[in-house]
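S.K.: Here it is: the structure, laid out below.
Just so it is clear, none of the values below were taken in a lab; they were calculated from the coordinates. Keep in mind the model is a prediction, meaning the values are calculated, not measured. No Cβ is skipped: glycine too gets one built from the backbone with ideal geometry, and neighbour counts run over all protein chains shown.
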Amino acid sequence: FSATGHYRVSGDRLTVFNDPNCPHEAGVYMWSLDGSRLQLREVDDPCPYDRLRAKFLTATLWRRA
């Protein structure tokens, strides 16, 4: 999965916005690190389309490429 858009980090919150599929809806996620892997948990993401953005972002731990 890859995404385009922008993000902002404040404390343990990650806000994603300007996603071409959801240009008017910002999604908010809590983030935490497990070693070198990033885990995201949805706080609030009103992006429609069967909630795909939230499903993709929270499906697995992210590793640095």
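S.K.: List the trypsin sites (Lys or Arg not before Pro) in region 6-65 that DSSP assigns to loop (not H, G, I, E or B) and whose Cβ has at most 15 other Cβ atoms within 10 Å. Which are they?
M.R.: 51, 64
S.K.: Pulled fully out, how much extra length does the chain show between residue 4 and residue 18, if you take 0.36 nm times their separation in residues and subtract their Cα-Cα distance?
M.R.: 4.3 nm
S.K.: Please identify the chymotrypsin sites (Phe, Trp or Tyr not before Pro) of the chain that satisfy two criteria: DSSP loop assignment and at most 15 other Cβ atoms within 10 Å. Which are they?
M.R.: Counting only loop positions with at most 15 other Cβ atoms within 10 Å, the chymotrypsin sites (Phe, Trp or Tyr not before Pro) in the chain are 1, 49.
S.K.: Now for a different question. For the chain, what does the relative contact order come out to in percent, with C-alpha contacts under 8 Å and a separation of six or more?
M.R.: So the answer I get is 23 percent.
S.K.: With +1 on each Lys and Arg Cβ and -1 on each Asp and Glu Cβ, how big is the dipole of the chain about its Cα centre, in debye rounded to the nearest 20?
M.R.: In total the dipole reaches around 280 debye.
S.K.: Over the residues of the chain, compute the C-alpha Rg and express it relative to 2.2 N^0.38 Å.
M.R.: Here the Cα radius of gyration is 1.05 times the empirical estimate.
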